[in-house]
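The values are calculated or read from the model by the stated rules, or taken from the named source; none is laboratory data. Keep in mind the model is a prediction, meaning the values are calculated, not measured. All Cβ positions, glycine included, derive from the backbone under ideal geometry; neighbour counts span all protein chains shown. The accessibility values were calculated without ligands, DNA or RNA, using every heavy atom of the protein model including side chains. Shrake-Rupley method; radii C 1.70, N 1.55, O 1.52, S 1.80 Å.
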Amino acid sequence: LPAPLDFERIFAKPEQPLLIDVGCALGLFAAQMARRFPSQNFLGLEIRETMIKRARRLVATENLTNLHFEFCNATVAFERLLEQAPRAVLQNVTIQFPDPWIKKRHFKRRTIQPPLIEALARRVISGGIVFIQTDVESLAEEICSFFAANPNFRRAHSEKWLCKNPFPVKTERETVVESQKLPIYRIIFERTRPSTTVSNSE
Ligand SMILES: C[S@@+](CC[C@H](N)C(=O)[O-])C[C@H]1O[C@@H](n2cnc3c(N)ncnc32)[C@H](O)[C@@H]1O
(Lines give C-alpha, C1' and ligand atoms only; values in the text may rest on other atoms or scores of the structure.)
Protein backbone atom coordinates (compact mmCIF):
# COMPACT_ATOMS: atom_id res chain seq x y z
CA LEU A 1 0.00 0.00 0.00
CA PRO A 2 1.20 3.57 -0.63
CA ALA A 3 2.04 5.92 2.24
CA PRO A 4 -0.76 8.20 3.48
CA LEU A 5 -0.87 11.49 1.60
CA ASP A 6 0.55 14.53 3.35
CA PHE A 7 -2.23 17.04 2.73
CA GLU A 8 -0.15 19.96 4.04
CA ARG A 9 2.38 19.24 1.29
CA ILE A 10 0.11 18.42 -1.64
CA PHE A 11 -2.41 21.27 -1.30
CA ALA A 12 -1.86 24.95 -0.51
CA LYS A 13 -5.14 24.95 1.48
CA PRO A 14 -5.65 21.40 2.80
CA GLU A 15 -8.87 22.28 4.67
CA GLN A 16 -10.76 23.09 1.45
CA PRO A 17 -13.54 20.70 0.32
CA LEU A 18 -12.09 17.79 -1.61
CA LEU A 19 -13.20 15.98 -4.77
CA ILE A 20 -11.49 12.67 -5.56
CA ASP A 21 -11.62 11.39 -9.15
CA VAL A 22 -10.96 7.63 -9.14
CA GLY A 23 -9.45 6.34 -12.40
CA CYS A 24 -8.57 9.84 -13.55
CA ALA A 25 -6.47 8.72 -16.57
CA LEU A 26 -4.56 11.82 -17.77
CA GLY A 27 -6.38 13.98 -15.23
CA LEU A 28 -8.07 16.36 -17.66
CA PHE A 29 -11.40 16.35 -15.77
CA ALA A 30 -9.72 17.06 -12.42
CA ALA A 31 -7.48 19.73 -13.97
CA GLN A 32 -10.36 21.59 -15.59
CA MET A 33 -12.35 21.41 -12.36
CA ALA A 34 -9.35 22.68 -10.38
CA ARG A 35 -9.03 25.70 -12.70
CA ARG A 36 -12.75 26.50 -12.40
CA PHE A 37 -13.06 25.95 -8.65
CA PRO A 38 -9.95 27.27 -6.87
CA SER A 39 -11.71 27.11 -3.49
CA GLN A 40 -11.88 23.30 -3.71
CA ASN A 41 -9.14 20.67 -3.81
CA PHE A 42 -8.98 17.92 -6.43
CA LEU A 43 -7.20 14.59 -6.15
CA GLY A 44 -6.91 12.23 -9.13
CA LEU A 45 -6.12 8.56 -8.50
CA GLU A 46 -4.87 6.35 -11.32
CA ILE A 47 -3.46 2.83 -11.53
CA ARG A 48 -1.31 3.55 -14.60
CA GLU A 49 1.86 5.35 -13.58
CA THR A 50 2.67 6.78 -17.01
CA MET A 51 -0.63 8.65 -16.96
CA ILE A 52 0.06 10.05 -13.51
CA LYS A 53 3.48 11.28 -14.66
CA ARG A 54 1.85 13.15 -17.52
CA ALA A 55 -0.91 14.51 -15.29
CA ARG A 56 1.63 15.78 -12.78
CA ARG A 57 3.49 17.70 -15.50
CA LEU A 58 0.29 19.63 -16.04
CA VAL A 59 0.04 20.52 -12.35
CA ALA A 60 3.64 21.76 -12.35
CA THR A 61 3.33 23.72 -15.60
CA GLU A 62 0.27 25.62 -14.41
CA ASN A 63 1.26 25.71 -10.73
CA LEU A 64 -2.19 24.48 -9.68
CA THR A 65 -1.97 24.33 -5.89
CA ASN A 66 -5.44 22.78 -5.45
CA LEU A 67 -4.71 19.73 -7.64
CA HIS A 68 -2.75 16.54 -6.99
CA PHE A 69 -2.42 13.21 -8.77
CA GLU A 70 -1.45 9.94 -7.13
CA PHE A 71 -0.44 6.62 -8.66
CA CYS A 72 -2.27 3.81 -6.83
CA ASN A 73 -4.78 1.01 -7.02
CA ALA A 74 -7.66 3.03 -5.62
CA THR A 75 -9.75 -0.08 -4.97
CA VAL A 76 -7.42 -1.11 -2.18
CA ALA A 77 -5.46 2.07 -1.34
CA PHE A 78 -8.27 4.64 -1.08
CA GLU A 79 -8.58 4.74 2.70
CA ARG A 80 -4.88 4.40 3.38
CA LEU A 81 -4.16 7.47 1.24
CA LEU A 82 -6.62 9.52 3.30
CA GLU A 83 -5.37 8.44 6.73
CA GLN A 84 -3.87 11.88 7.37
CA ALA A 85 -6.53 13.93 5.58
CA PRO A 86 -8.10 16.81 7.51
CA ARG A 87 -11.47 16.01 9.12
CA ALA A 88 -14.63 16.21 7.07
CA VAL A 89 -13.18 17.42 3.77
CA LEU A 90 -14.28 14.70 1.38
CA GLN A 91 -17.44 16.08 -0.28
CA ASN A 92 -17.41 14.47 -3.72
CA VAL A 93 -16.06 11.31 -5.29
CA THR A 94 -16.34 10.66 -9.01
CA ILE A 95 -15.75 7.29 -10.67
CA GLN A 96 -16.24 7.84 -14.37
CA PHE A 97 -16.23 5.05 -16.91
CA PRO A 98 -14.46 2.48 -14.72
CA ASP A 99 -12.94 -0.34 -16.80
CA PRO A 100 -15.76 -2.91 -17.27
CA TRP A 101 -13.66 -6.13 -17.23
CA ILE A 102 -16.39 -7.95 -19.13
CA LYS A 103 -15.18 -11.55 -18.65
CA LYS A 104 -16.53 -13.16 -15.50
CA ARG A 105 -13.12 -14.35 -14.37
CA HIS A 106 -11.94 -10.71 -14.46
CA PHE A 107 -14.78 -9.30 -12.32
CA LYS A 108 -12.45 -9.15 -9.34
CA ARG A 109 -10.38 -6.52 -11.18
CA ARG A 110 -13.31 -4.11 -11.32
CA THR A 111 -12.65 -0.81 -9.56
CA ILE A 112 -15.90 -0.62 -7.60
CA GLN A 113 -16.04 -3.45 -5.07
CA PRO A 114 -17.89 -3.60 -1.72
CA PRO A 115 -14.71 -2.87 0.36
CA LEU A 116 -14.17 0.36 -1.63
CA ILE A 117 -17.80 1.36 -0.93
CA GLU A 118 -17.22 0.70 2.78
CA ALA A 119 -14.13 2.93 2.64
CA LEU A 120 -16.17 5.62 0.87
CA ALA A 121 -18.80 5.39 3.62
CA ARG A 122 -16.14 6.04 6.24
CA ARG A 123 -14.61 9.02 4.44
CA VAL A 124 -17.33 10.86 2.51
CA ILE A 125 -19.08 13.44 4.71
CA SER A 126 -22.83 13.18 5.41
CA GLY A 127 -24.60 14.76 2.45
CA GLY A 128 -21.51 14.23 0.28
CA ILE A 129 -21.90 12.37 -3.00
CA VAL A 130 -20.38 9.62 -5.08
CA PHE A 131 -21.04 10.22 -8.79
CA ILE A 132 -20.63 7.28 -11.14
CA GLN A 133 -21.07 7.06 -14.89
CA THR A 134 -20.50 4.19 -17.28
CA ASP A 135 -21.61 3.11 -20.74
CA VAL A 136 -21.92 -0.55 -19.67
CA GLU A 137 -25.42 -1.20 -18.34
CA SER A 138 -24.61 -4.51 -16.63
CA LEU A 139 -21.73 -2.83 -14.80
CA ALA A 140 -24.03 0.04 -13.73
CA GLU A 141 -26.51 -2.53 -12.38
CA GLU A 142 -23.77 -4.31 -10.45
CA ILE A 143 -22.56 -1.03 -8.95
CA CYS A 144 -26.14 -0.15 -7.91
CA SER A 145 -26.54 -3.52 -6.21
CA PHE A 146 -23.28 -3.01 -4.27
CA PHE A 147 -24.38 0.45 -3.09
CA ALA A 148 -27.89 -0.79 -2.27
CA ALA A 149 -26.30 -3.29 0.11
CA ASN A 150 -24.58 -0.48 2.02
CA PRO A 151 -26.93 1.36 4.42
CA ASN A 152 -24.70 4.45 4.45
CA PHE A 153 -25.65 5.44 0.91
CA ARG A 154 -28.90 6.24 -0.82
CA ARG A 155 -29.62 6.96 -4.46
CA ALA A 156 -29.98 10.75 -4.70
CA HIS A 157 -32.58 10.80 -7.50
CA SER A 158 -35.93 9.19 -8.25
CA GLU A 159 -35.21 8.34 -11.89
CA LYS A 160 -33.16 5.20 -12.42
CA TRP A 161 -30.36 6.89 -14.37
CA LEU A 162 -29.53 10.59 -14.47
CA CYS A 163 -29.62 11.99 -17.99
CA LYS A 164 -27.04 14.70 -17.32
CA ASN A 165 -23.66 14.87 -15.70
CA PRO A 166 -24.06 17.11 -12.61
CA PHE A 167 -20.52 18.46 -13.09
CA PRO A 168 -19.75 21.16 -15.65
CA VAL A 169 -16.78 19.26 -17.14
CA LYS A 170 -16.88 16.10 -19.25
CA THR A 171 -14.25 13.37 -19.12
CA GLU A 172 -12.43 12.18 -22.25
CA ARG A 173 -14.38 8.92 -22.30
CA GLU A 174 -17.68 10.72 -21.80
CA THR A 175 -16.99 12.95 -24.80
CA VAL A 176 -16.25 9.90 -26.98
CA VAL A 177 -19.36 7.99 -25.86
CA GLU A 178 -21.59 11.03 -26.34
CA SER A 179 -20.18 11.62 -29.82
CA GLN A 180 -21.15 8.03 -30.68
CA LYS A 181 -24.67 8.73 -29.35
CA LEU A 182 -24.44 5.69 -27.06
CA PRO A 183 -26.30 5.54 -23.73
CA ILE A 184 -24.58 6.55 -20.52
CA TYR A 185 -25.74 5.24 -17.14
CA ARG A 186 -25.22 7.92 -14.48
CA ILE A 187 -25.99 7.61 -10.79
CA ILE A 188 -25.43 9.74 -7.71
CA PHE A 189 -25.23 8.08 -4.32
CA GLU A 190 -25.53 10.33 -1.30
CA ARG A 191 -23.79 9.59 1.98
CA THR A 192 -26.52 9.38 4.58
CA ARG A 193 -26.08 8.77 8.28
CA PRO A 194 -22.72 8.45 10.02
CA SER A 195 -20.88 5.18 9.70
CA THR A 196 -20.81 2.90 12.70
CA THR A 197 -17.06 2.38 12.32
CA VAL A 198 -14.35 4.74 13.57
CA SER A 199 -13.73 7.55 11.10
CA ASN A 200 -12.17 10.98 11.04
CA SER A 201 -14.63 12.24 8.45
CA GLU A 202 -17.68 12.85 10.61
C1 LIG B 1 -11.98 3.75 -19.16
S2 LIG B 1 -10.81 4.73 -18.35
C3 LIG B 1 -11.76 6.19 -17.97
C4 LIG B 1 -10.87 7.38 -17.69
C5 LIG B 1 -11.61 8.66 -17.29
N6 LIG B 1 -12.23 8.52 -16.00
C7 LIG B 1 -12.64 9.05 -18.31
O8 LIG B 1 -13.84 8.98 -18.01
O9 LIG B 1 -12.24 9.44 -19.42
C10 LIG B 1 -10.65 3.97 -16.75
C11 LIG B 1 -9.42 4.46 -15.99
O12 LIG B 1 -9.42 3.91 -14.68
C13 LIG B 1 -8.10 3.47 -14.38
N14 LIG B 1 -8.22 2.45 -13.33
C15 LIG B 1 -8.69 1.18 -13.48
N16 LIG B 1 -8.67 0.53 -12.30
C17 LIG B 1 -8.19 1.41 -11.37
C18 LIG B 1 -7.93 1.33 -9.98
N19 LIG B 1 -8.17 0.21 -9.30
N20 LIG B 1 -7.41 2.42 -9.35
C21 LIG B 1 -7.16 3.56 -10.04
N22 LIG B 1 -7.38 3.69 -11.36
C23 LIG B 1 -7.90 2.64 -12.03
C24 LIG B 1 -7.58 2.97 -15.71
O25 LIG B 1 -6.19 2.85 -15.75
C26 LIG B 1 -8.12 4.03 -16.65
O27 LIG B 1 -7.26 5.14 -16.77
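Tabulated results
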read-out	value
Translational diffusion coefficient (Stokes-Einstein; Kirkwood radius from C-alpha pairs) of the chain at 37 °C, 0.692 mPa s, in µm²/s	192
Per-residue ³J(HN,Hα) for segment 23-33, Karplus 6.51 cos²θ - 1.76 cosθ + 1.60, θ = phi - 60°, Hz, x for Gly and Pro	x, 7, 6, 7, x, 5, 4, 4, 5, 5, 5
Label-point separation in nm, ARG54 to GLN32, each point 7 Å along Cα→Cβ	1.6
Segment 84-97 - phi-based ³J(HN,Hα) in whole Hz, Karplus 6.51/-1.76/1.60, Gly and Pro as x	10, 6, x, 5, 6, 9, 7, 8, 9, 10, 10, 10, 10, 6
Ellipticity estimate at 222 nm from DSSP helix runs (n ≥ 4, -39,500 (n - 2.57)) divided over the chain, nearest 500	-9000 deg cm²/dmol
Segment GLU137-ASP6, extension gain: residue separation times 0.36 nm, minus the distance between their alpha carbons	43.4 nm
Radius 15 Å from Cβ of ASP6, net charge of other residues (Lys, Arg +1; Asp, Glu -1)	-1
Distance between segment 116-143 and segment 54-84 - C-alpha centres, whole angstrom	19
Heavy-atom SASA rank of ARG193, ARG105, ARG122, ARG173 (probe 1.4 Å, accessible area, largest first)	ARG105, ARG193, ARG173, ARG122
Carbon + sulfur, % of accessible area of the chain - ligands and nucleic acids excluded, 1.4 Å	54
